[in-house]
Amino acid sequence: MKLLLHEIRHNPLLWLLVFVPIAFVAEHLKPEAHTLLFVLSVFAIVPLAALLSHATEAVAAKTGDAAGGLLNATLGNLTELVIALTALKAGQYLLVKASIAGAIVTNTLFMLGASFLLGGLKFHTQEFNRVSARMQAGLLFLATIALLVPSVLIDVDAHAGSDFTQSLSVGLALLLIVAYALGMLFSLKTHRELFASAAHGADDEHGAPWPIGMALATLAGVTVLVALISEIFVESVQKAAEAFGMTPAFVGFIVVALVGGAAEMASAFSGARKNRLDLSVGIALGSASQIALFVAPVLVLLSYVIGPTPMDLQFWPGAVAMMLIATMTAMFVTVGGRSAWFVGVLVLMVYLIFAMTLYLLPPQVT
Amino acid sequence: MKLLLHEIRHNPLLWLLVFVPIAFVAEHLKPEAHTLLFVLSVFAIVPLAALLSHATEAVAAKTGDAAGGLLNATLGNLTELVIALTALKAGQYLLVKASIAGAIVTNTLFMLGASFLLGGLKFHTQEFNRVSARMQAGLLFLATIALLVPSVLIDVDAHAGSDFTQSLSVGLALLLIVAYALGMLFSLKTHRELFASAAHGADDEHGAPWPIGMALATLAGVTVLVALISEIFVESVQKAAEAFGMTPAFVGFIVVALVGGAAEMASAFSGARKNRLDLSVGIALGSASQIALFVAPVLVLLSYVIGPTPMDLQFWPGAVAMMLIATMTAMFVTVGGRSAWFVGVLVLMVYLIFAMTLYLLPPQVT
Amino acid sequence: MKLLLHEIRHNPLLWLLVFVPIAFVAEHLKPEAHTLLFVLSVFAIVPLAALLSHATEAVAAKTGDAAGGLLNATLGNLTELVIALTALKAGQYLLVKASIAGAIVTNTLFMLGASFLLGGLKFHTQEFNRVSARMQAGLLFLATIALLVPSVLIDVDAHAGSDFTQSLSVGLALLLIVAYALGMLFSLKTHRELFASAAHGADDEHGAPWPIGMALATLAGVTVLVALISEIFVESVQKAAEAFGMTPAFVGFIVVALVGGAAEMASAFSGARKNRLDLSVGIALGSASQIALFVAPVLVLLSYVIGPTPMDLQFWPGAVAMMLIATMTAMFVTVGGRSAWFVGVLVLMVYLIFAMTLYLLPPQVT
């Protein structure tokens, strides 16, 4: 507990934890103040996500290399998963899908691009492990293909019907999970030497190591808190978006993705500033491919258990195009293993183009 | 003849030749047993394709380097060409097009991916000639673009009319054949040193060399047999597909392509297991680009002579998307010239996604 | 003036200047002879473009490195800009857009491919600066994405309406100009050493250096002449196209682009024949990305001032597909930094496919 408090005192991001109780109180007192609740829940989720990520890493560090890597890879996007599950339970499938696509696009373009830019402003050129980057980009490419196949085919022919979409979505979800598991076998076991410099890179940001009991307790407790706050967030987000003049597409793609990924972004940017671009690229692309290969299929499969109706993997064509472009951009900029500030600008520009388009998009399109 | 028998005795694949007479007998006795005829014709085509490929290589080995390479490159997909010609004569243009697209996708994804996987299960990492792979991928990319242009434009505007499609298809067919001829000039003549290690790689699979007379006789005789069996195959395939619960798209894309390419696959996989990935990549990409650049345009041009009506190059949009994705995947995985088992898994996953989608696709879509 | 005359005497391309007065006279005498006026204006624009390009380089050489580079980069496509502005003033937005897309496609495919081919016919293999090529290709990729986003989204949903398209186009235009400015900062200032060998490559084609006064006077005078000839060209082009049996799409994409870029092509091809492929690649990709990142957005913004109605960035889907394919082709062939004649053939084939398609396309499609 003392360690936890020490952690909180030395990490300004965690001071935002004060918004967690405020959000709960506000929800009880003013359940109709959607805009306020939205803002409070955003400020509350960010530090919880940071804590969750620390706790996961602490548990991973204790359980040894392979199991730790596995845990880290599985729980690394726990925040995104919990938010999406809450939206899934509420039957808000458009929000779930927008947040999946948005998290992929945001991690691939914003997190990667800002890391290149921030690192490049400090160092003339930076190098990173291109083998590792290429495998992550390869996984992401595979996942994007899997996600776009149903959308492309349905677009082609509206008669295809929902039975087809449904069984195809379940089949694709199972394929993606198998690919994800084999990818972990490859990077954590059979060919771990190729991924050397990116491993365990995040550890030294912490001070003293957390005892395993505290880490596990934090993991459990914070997950529950994230789930509770997510409910406030999901309930208020649409109404708040209208109040801010934002389209639902912009909220799902950009706002949810930035909120859910804030903790990883902090790590990725700090790595880039320390000239450890391996770490940044690993977090950005790893996180994106994890969402595509693990979070998205898990949501499809869980929708049969907890959702009002099954969810399929059919995305809005614009979302598919953005995911594909984001993946191709990532493949293109990581192929050489070198970076400079302008590479970051190029990647961020693509993200800005998407964000601007979504912001201006009339609501009925998505 | 003794050599031919020796070859047959030592190659278990050729024992399947017994199905050739069985198929002919069955067709006379039970012309309505489509499912049976389909299965028999599949089992009969596979060993014939293997013999054809051996005979072509034997003739190529005798006729010297440049002419041999030319011959090998031209007749390497003779089985696919004969099957497609039979379907063309029967006016089954959808089957012809599906088998062209399917052969490109299957060679690029299944043959390449399985080679990477089989080789990677035996060797930690494998290297291959990236210059050669890149040229093959480049040719394939060009061919895919040529094949998709009419489809994309027709999709855009239905008014364009068939006159336009027809003259565009003939023009593209001529362009593709010119590109194919120049590609052979490049790889067999002006820049042959770049393709060194892939050349003549297949030879040492055979025992004693075949005399030229036997090779030519085998080539001629087996081609006739393939043509006759193909007729049984083309007549029975649609009815049999229904009986097996397979969509026509699945049959054309996956079944025909796997049957027609069985012999090349055997060579490619055996090369990968012997750590000669150059050979495998060369066969897979070379075969795919040969179908796109030579078989497809030849079929378009021949359709004016032997088909009931001229055939164009307009494909179903889903087929175009699959060819484009397959080409991009091949370009991405061959750019580095290195491979490990997981690269094979990634490529095979893309193929599985396509196969699953085609299997589940309601029949009216294609 | 003596220098200018010396320049003209030693550069056969400039002898075409005689067509400038002929075109003006013909326009006064026979304003209805569209085909004649079209041919005369084409022959008149080519030498003017060459003079403009020489004058720009002469001014750039005098004003020092950074400012010179900036000037060269900004005025390098002055001919294309003036022609497009003339079409914009006449409200011919389809021609403006076709000439933008056509200039990108022609520079990327024809200029690059012909340079590779011409160089490759003389030298066995050629090398070029891949860092520089990759950045140009990256800029071009970004620009293509920006140009395709509105088209893709509008295609998806026709209800989106022109307000959305309009504000999105202005926003994208501003983003592109910022990216262009940052790209110049990167290549001329912070990371100029990466682009070393391509810089100032064009200089030694000239004999004696031009005095600054003459260069500036030539720049101003020739720009006015180009503007006047462009008016004849824009007025006659559609009618002449009909007379030649060419579709408007073919004229906008191919003819205008080849005419406007003739001067740069002469430099690029001459560089390739001197084994200075850096220069050729730099001109081809630099020119294409300049049109996408500078000329196109400037035209959108200027359409609010000088056009009858604002112009948006929504292109015909086929034009978007061609720009995307051209960019991907450029990225693919420049990734290795090596070239041989067949690479040029591949790239030119893609261009030929496009040209043939546009030539055959029924007029109502675009």
Original post:
So if we plug the beta-carbon distance of C:LEU5 and A:ALA227 into 1/(1 + (r/R0)^6) with R0 = 60 Å, what FRET efficiency do we get, rounded to 0.05?
Top reply: 0.15
Subject >> Calculated from backbone phi, Karplus (6.51, -1.76, 1.60) coupling profile of segment B:139-149 in Hz, x at Gly/Pro >> reply: 4, 5, 4, 4, 5, 5, 4, 4, 6, 8, 4
Subject >> Which listed pairs, of A:LYS239/A:LYS274; A:LYS30/A:LYS89; C:LYS97/C:LYS274, have C-alpha distances above 31 Å, in listed order >> reply: A:LYS239/A:LYS274; C:LYS97/C:LYS274
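Accessible area lost on pairing B with A, both sides, 1.4 Å probe, Å² to nearest 100?
About 2800 Å² of accessible surface is lost on pairing.
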**OP:** Keeping the other protein chains in place, figure out the carbon and sulfur percent of the accessible area of segment B:11-111, with a 1.4 Å probe.
**Re:** 73 percent
Subject >> Dipole-positive endmost among A:ASN77, A:THR190, A:VAL46 within chain A (Cβ charges, Cα centre) >> reply: A:THR190
Original post:
Which residues of segment A:125-144 bury at least 10 Å² of accessible area once all protein chains are present, versus their chain alone (1.4 Å probe)?
Top reply: A:THR125, A:ARG130, A:VAL131, A:ARG134, A:MET135, A:GLY138, A:LEU139, A:PHE141, A:LEU142
Original post:
Using a 1.4 angstrom probe and counting only protein chains, how large is the accessible area of C:TYR304 in Å², to 10?
Top reply: 110 Å²
Subject >> Accessible surface ranking that places the most exposed of A:VAL237, C:VAL255 first, with a 1.4 angstrom probe >> reply: C:VAL255, A:VAL237
**OP:** Enter the accessible area per residue of segment A:238-279 (Å², integer; probe 1.4 Å; all protein chains in place).
**Re:** 34 Å²
**OP:** In whole Hz, with x marking every Gly and Pro, tabulate ³J(HN,Hα) for segment A:35-40 from phi via Karplus 6.51 cos²θ - 1.76 cosθ + 1.60, θ = phi - 60°.
**Re:** 5, 4, 4, 4, 4, 4
Original post:
About its Cα centre, how strong a charge dipole does the protein assembly as shown have in debye, to the nearest 20, once Lys and Arg get +1 and Asp and Glu get -1 at the Cβ?
Top reply: 1920 debye
Original post:
In straight Cα distance, which lysines are under 21 Å from A:LYS62, not counting same-chain residues fewer than 8 positions off?
Top reply: A:LYS2, A:LYS189
Original post:
Any idea what the dipole of chain B comes to, in debye rounded to 20, about its Cα centre with Lys/Arg Cβ at +1 and Asp/Glu Cβ at -1?
Top reply: 680 debye
**OP:** Quote the relative contact order of chain C in percent (integer), defining contacts as alpha-carbon pairs under 8 Å separated by 6+ residues.
**Re:** 38 percent
Subject >> Whole-Hz ³J(HN,Hα) from phi, Karplus 6.51 cos²θ - 1.76 cosθ + 1.60, for segment B:44-52, glycine and proline x >> reply: 7, 5, 4, x, 4, 4, 5, 4, 4
Original post:
Residue of B with Cβ nearest the axis relating B to A, plus distance in whole Å?
Top reply: B:VAL335, 4
Original post:
Quick one: Cα centre-to-centre distance for segment A:228-266 and segment B:322-353, in angstrom?
Top reply: 36 Å
**OP:** With a/c under 1.5 counting as rounded, go ahead and sort chain A into rounded, prolate or oblate using the C-alpha gyration tensor (a ≥ b ≥ c being the square roots of the eigenvalues; past the cut-off, prolate if a/b is larger than b/c, else oblate).
**Re:** rounded
Subject >> Amide H contacts under 5 Å for B:SER303, placed H, 5+ residues apart >> reply: B:MET311
Original post:
What residue among C:ALA114, C:ALA220, C:ALA58 has the largest mean-square fluctuation in a Gaussian network model of chain C, using Cα springs under 10 Å?
Top reply: C:ALA220
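The values are calculated or read from the model by the stated rules, or taken from the named source; none is laboratory data. Everything numeric in this text was worked out from a predicted model, so none of it was measured. Using ideal geometry, Cβ is built from the backbone for each residue, glycine included, and neighbour counts are taken over all protein chains shown. For accessibility, only protein heavy atoms count, side chains too; no ligands or nucleic acids. Shrake-Rupley method; radii C 1.70, N 1.55, O 1.52, S 1.80 Å.
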